[in-house]
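Presented below is the structure to which this report refers.
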Amino acid sequence: MNIFDILGPVMVGPSSSHTAGAVRIGYAARKLLQDKPVSAKIGLHGSFADTGTGHGTDRALVAGLLGMKPDDTRIPDSFQIAARQGLSFSFETVQLKEAHPNTAILTLRGESGRCLEIQAASIGGGRIMIRKLDGIEISFSLEKPTLIVNNEDKPGYVARVAALLSEEQINIASMQLYRNHKTGHAIMVLETDQRVSEAAVSALAGSEGILKAAYFNSEEV
Amino acid sequence: MAFASLQEILTYMEEKSVPFWEAILMEDMAERGVSREDSMKKMLDTWQAMLHASDSYEPQRKSASGLTGGQGSLMEQYCQAGQTLCGPFIGQVITEALKTAESNACMKRIVAAPTAGASGVLPAVLLPCYREHGVSDEQIAQAMYTAAGIGQVIAARASVSGAAGGCQAEIGSASAMAAGALVSLKGGSGKQITHAAAMALKNLLGLVCDPVAGLVEVPCVKRNVVGAVNAMSCADLALAGIESRIPPDQVIDAMREVGDRMDSSLRETGKGGLAATPAGQAVQAPGSFHL
């Protein structure tokens, strides 16, 4: 662990896993939705369900959905801010199979109609893992700059994304591929050593057969 | 690459002829690829966040459960009356530990050090030194590097998570970090820093994590006090020339072993210890989502 993981994060309490991690999950969900969320159905599993209110997990998740970071002092007031900003939300207890005890599952709709279902776990110290995206089981941490591409499960897409990154002089640190046979969709998760430009991400998102492309800069949150 | 033992830090200090804190600063520069100024600025910002947490304490604020709030203010008033057993300086240490730990429980902004639950320990010893001893921000930042270096080794060899190692891993680690920071602030040697940390950790070995209703409130807030006061006494022990009979790295290894053997009911599950008492059981987590 880096020394600023030992003395840090600077965060709104009371718990790095149940509060700071929950803000990060909400924030990551907003980024991956790539839209301003207007409705959110939030399922809480395990310890998140048992002690979530006392730890402010609920307010933390909503704060993240509003774009707040773990040190934002408005986190305790996120429900009121959500009402003002037109985000409606609901909570329920869920029991997931083989999920980390601190897991949330969010079903989101954005103002321009985009939808996302995301399952994520808070694994300690404010660190998070994304475990499911739109029904596809995945596993990534967003601790490095990460490009997430949702495409049709057909030949050529990996090459296309790799070519684009190559043109931008971006080195791929790691790459994971996931698929859902039923929907015929696949997800690529690429951790990169350099930042990916917004232009490159939108060029990718606009191309044929690519359903979604999102980029998460690890230094953001 | 982070240091794997306290002994490695001492060896590095000797090789490079640098103080303990600077060894940690250099390691951060190498790990994150940042300049000395950038690293120091981040540490000074972290210190400012600690200061701000204390300055913005709200005596009236209560936690969502209603279990926590107002004790820092009570302690402060008691200290101002001048009749404490511990004296004014330790009185301030106790007050600051309560203020930050309560602020954390009440969803205010704090610095996890090494965790949110133990966030009161390090500022509790640093703030009174800063306010009473005329110590500069830079000197505090140096002491914080020392604390971070100790915490880093504990995280690598054992754990700083209550779920993994019990409260000894949270308050125990925070106390070891704070003890080392104090020795650093007082100009003690690298060896004295590591022995202060070892003694502080030894004194809290075996401490279980048994939060009532699973919340970071009871007994966490008051355990920040014991972590801070323990750090003060262990720093004085080390500065007096008293050493831990068990070498510091072996103390950390023992903490890990004790944590591994600790029953899961005593590792942040809210199922054992104080959480399992009739009074602890009577406390319900507020608005549980179970309908």
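Each reported figure results from applying straightforward, stated rules to the coordinates on display, with no laboratory input. What you see is a predicted model; the values in this text were computed from it and never measured. Here the Cβ positions follow ideal geometry from the backbone for every residue, glycine too, while neighbour counts run over all protein chains shown.
Mean per-residue shielding of peptide B:115-121 is 4, counting Cβ atoms of other chains within 10 Å of each Cβ. For the stretch B:1-81, the set of trypsin sites (Lys or Arg not before Pro) satisfying both a DSSP loop assignment and a count of at most 14 other C-beta atoms within 10 Å is given as B:LYS62. Take each residue in A:56-62, count the other chain C-beta atoms within 10 Å of its C-beta, and the mean is 2. If you take all C-alpha pairs in the stretch A:1-133, what percent of them are over 27 Å apart? Summing the P(r) tail past 27 Å for the stretch A:1-133 gives 11 percent. Zone of B:LYS271 (label point 7 Å along Cα→Cβ, backbone N under 13 Å): which residues in the stretch A:37-68? Residues passing the 13 Å test: A:47. A crude spin-label estimate for the pair B:GLN60 and A:ARG74, with each label 7 Å from Cα along the Cβ direction, gives 2.3 nm.
The convex hull defined by the C-alpha atoms of the protein assembly as shown has an orientation-averaged projected area of 24.9 nm². Tell me whether chain B comes out rounded, prolate or oblate; compute the Cα gyration tensor, take square roots of the eigenvalues as a ≥ b ≥ c, and use a/c under 1.5 as the rounded threshold. The shape class here is prolate.
A Gaussian network model of chain A, with springs between Cα atoms under 10 Å, assigns the largest mean-square fluctuation among A:GLY156, A:GLY46, A:GLY110 to A:GLY156.
Given 37 °C and 0.692 mPa s, compute D for the stretch A:99-221 with the Stokes-Einstein relation, Rh being the Kirkwood radius over Cα pairs; round to the nearest whole µm²/s. In µm²/s, the coefficient is 217. For the stretch B:91-179, what does the alpha-carbon gyration tensor say about shape, rounded, prolate or oblate, given a ≥ b ≥ c as the root eigenvalues, a/c under 1.5 as rounded, and a/b over b/c as prolate? Judged from the Cα gyration tensor, the stretch B:91-179 comes out oblate (a/c at least 1.5, b/c at or above a/b). Normalising the average separation of contacting C-alpha pairs (under 8 angstrom, six or more residues apart) by the number of residues puts the relative contact order of the stretch A:144-221 at 47 percent. Its Cα gyration tensor gives the stretch A:90-149 an equivalent ellipsoid, and the semi-axes of that ellipsoid, as √(5λ) in whole Å with the largest first, are 19, 17, 11. In this entry, the stretch B:198-291 is assigned a mean projected area of 7.3 nm², taken as a quarter of its C-alpha convex hull surface.
Take every Cα pair under 8 Å in chain A that's 6+ residues apart, average their separations, divide by the length, and report that relative contact order as a whole percent. 21 percent. Legend: ranking of residues A:HIS181, B:HIS133, A:HIS18, B:HIS52 from fewest to most surrounding C-beta atoms inside 10 Å; resulting order A:HIS181, B:HIS133, B:HIS52, A:HIS18. Fewest-first ordering of B:TRP21, B:TRP47 by other beta carbons within 10 Å of each residue's beta carbon gives B:TRP47, B:TRP21.
Summary of the geometry: the stretch B:235-259 and the stretch B:86-129, compared by the centres of their Cα atoms, lie 23 Å apart.
Sorting B:SER264, B:SER39, A:SER202, A:SER78 from the fewest to the most surrounding beta carbons within 10 angstrom yields B:SER264, A:SER202, B:SER39, A:SER78.
For the options B:LEU215, B:LEU237, B:LEU85, a Gaussian network treatment of chain B with springs between C-alpha atoms closer than 10 Å singles out B:LEU85 as fluctuating the most. Between the alpha-carbon centres of the stretch B:139-194 and the stretch A:37-106 there is a gap of 33 Å.
Couplings 3J(HN,Hα) of the stretch A:46-54, computed from phi: x, 5, 4, 6, 5, 10, x, 5, x Hz, in residue order, whole Hz [Karplus 6.51 cos²θ - 1.76 cosθ + 1.60, θ = phi - 60°; x for Gly and Pro].
Which pairs break 30 Å Cα to Cα here: A:LYS144/B:LYS99; B:LYS41/B:LYS186; A:LYS97/B:LYS222? Distance filter (> 30 Å) returns A:LYS144/B:LYS99; A:LYS97/B:LYS222. Across chain B, the mean sequence separation of Cα contacts (distance under 8 Å, 6 or more residues apart), normalised by length, yields a relative contact order of 19 percent.
Residue by residue along B:147-158, Cβ atoms of other protein chains within 10 Å of the local Cβ number 3 on average. Where both bridge residues fall in the protein assembly as shown, DSSP classifies roughly 90% of the beta bridges as antiparallel.
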